[in-house]
1. Answer yes if at least one residue in the range 177-184 is of a type in the set (S, T, N, Q), part of a loop (DSSP other than H, G, I, E, B) and closer than 25 Å to ILE142 by Cα, and no otherwise.
2. Just to verify a result, which residue in the range 149-181, among those that are under 18 Å from the mean Cα position of the chain (by Cα) and of a type in the set (S, T, N, Q), is nearest to LEU123 (Cα to Cα)?
3. Quick check on my filter: what residues within the range 32-62 are more than 16 Å from the chain's Cα centre (by Cα) and of a type in the set (Lys, Arg)?
4. Quick check on the range 53-106: of everything there that is assigned to a loop (DSSP other than H, G, I, E, B) and among the hydrophobic types (A, V, I, L, M, F, W, C), which residue is nearest to LYS117 (Cα to Cα)?
5. Hey, can you tell me all the residues within the range 187-204 that are more than 25 Å from GLU140 (Cα to Cα) and open to solvent by less than 30 Å² (accessible area, probe 1.4 Å)?
6. Report yes if GLU141 is in a loop (DSSP other than H, G, I, E, B), more than 19 Å from the chain's Cα centre (by Cα) and over 27 Å from ILE222 (Cα atoms), otherwise no.
7. Could you please let me know if ILE41 is in contact with a strand residue (DSSP E or B) (Cβ under 7 Å, 6 or more places away or on another chain) and not in a strand (DSSP E or B)?
8. Checking GLN71 against (1) open to solvent by 10 Å² or more (accessible area, probe 1.4 Å); (2) within 30 Å of ILE139 (Cβ to Cβ); (3) over 13 Å from the mean Cα position of the chain (by Cα), which test does it fail?
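The values are calculated or read from the model by the stated rules, or taken from the named source; none is laboratory data. Computed from a predicted structure; not experimentally measured. Every residue, glycine among them, receives a Cβ derived from its backbone with ideal geometry; neighbour counts consider all protein chains shown. Surface areas here come from the heavy atoms of the whole protein model, side chains and all, with no ligands, DNA or RNA. Shrake-Rupley method; radii C 1.70, N 1.55, O 1.52, S 1.80 Å.
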Amino acid sequence: MIADNIKNILDKIDKACSRCGRSSTEIKLIGVSKTVSTERILEAYRAGLKVFGENKAQELKQKAETLSDYQDIEWHFIGHLQTNKVKYVIDKAEYIHSVDSLKLAEEIEKRAEKISKIQKVLLEIKTSEEVSKFGLTDIEEIYRVAEFCKNSANLKLMGLMTIAPFVDDENIVRNAFINLRNLKDKLKQDGFEMTELSMGMTGDFEIAIEEGATMIRIGTAIFGERGN
């Protein structure tokens, strides 16, 4: 079932890319494996998926250690990250998508320096009014955190991440993605080198691709409803 699901998603990626004149090679599919067993992660791996995203720091650590023999698995941390949990992911995560404060960026820099790592990071931007969402909103703060990342020896600012509003109105969702793309373009014009837009999940990844996503985070459409 998981293999069929992955094939179905890849087909939809191809079609979405065709609609907007992009190549599917520009899109990194991240399998969101929170609460998913390592056995089912391996099922996805054997179907060709090599990139997985986790939302909980200790869960990422445990799974990365359990699956350490599979050295071509690329782990991404995509959930809200508390500063006291950075230590669990710093040596495991290729990317941290959810830098949402200067304090967190400083802690990641400190931990990365200790293990002589250049940690790839994305700034999480809040593009909805939902109180449950995390992310930077103030433009001055966004620039302040971006500047810190740019000047840090052990951080590499790769791009921006957002979670679109959970609404039925496609225009609202699309505008969230457009706003993130426009912010990335503005930052690039101001000298911040970045290439990645992490946006789009099971319900909206095709819209995200049409609006410039380079990373999409898919859980339910690969593994089924959480906990199943």
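1. No, that holds for no residue.
2. Ranking the qualifying residues of the range 149-181, first place goes to THR162.
3. Result: ARG40, ARG46, LYS61.
4. Applying the filter and picking the extreme gives ILE90.
5. Hits for the range 187-204 are GLY200, ASP204.
6. no
7. yes
8. (2)
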